[in-house]
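Okay, structure first, notes after.
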Amino acid sequence: METTAVSENEVVVTKKGQTTIPVKLRRKYKIEEGTKLAVVDTEEGILLKPKKSFWDMIGAYPVDPATAKKMDKLLYKLRHEKEDDE
């Protein structure tokens, strides 16, 4: 059974728990095939948010040359985040 959007802000969940994010929102948040989403349980319901990868973060910081020590810390953090997800 293929999931279809019922209206702009409403989706259907399949018996396998799958759903389709409307194309307008996928484009807005740059969600493509293979994008990892964090699933957050909030008081208001479920929040899906794109997870940032190392490559997404390049250029996201002020122009401050990265030192080897800073890069090692960032890589260590990213590796452990990935291990926590698995």
Inset, instruction - Specify the residue that is surrounded by the fewest Cβ atoms within 10 Å (Cβ to Cβ); the eligible residues are those in region 18-50 that are farther than 25 Å from GLU81 by Cα and of a type outside the set (Lys, Arg). - result: GLU44
Inset, instruction - State which residue pairs qualify: first residue within 16 Å of LEU47 (Cα to Cα) and inside region 14-36, second residue loosely packed, with under 12 Cβ neighbours inside 10 Å in any location, beta carbons under 6 Å apart, and separation of 6 or more residues or different chains. - result: THR19/VAL13
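No lab work stands behind these numbers, since they all come straight from the coordinates. Model, not experiment: these values are computed from the prediction. Ideal geometry is used to build each Cβ from the backbone, glycine not excepted, and the neighbour counts take in all protein chains shown.
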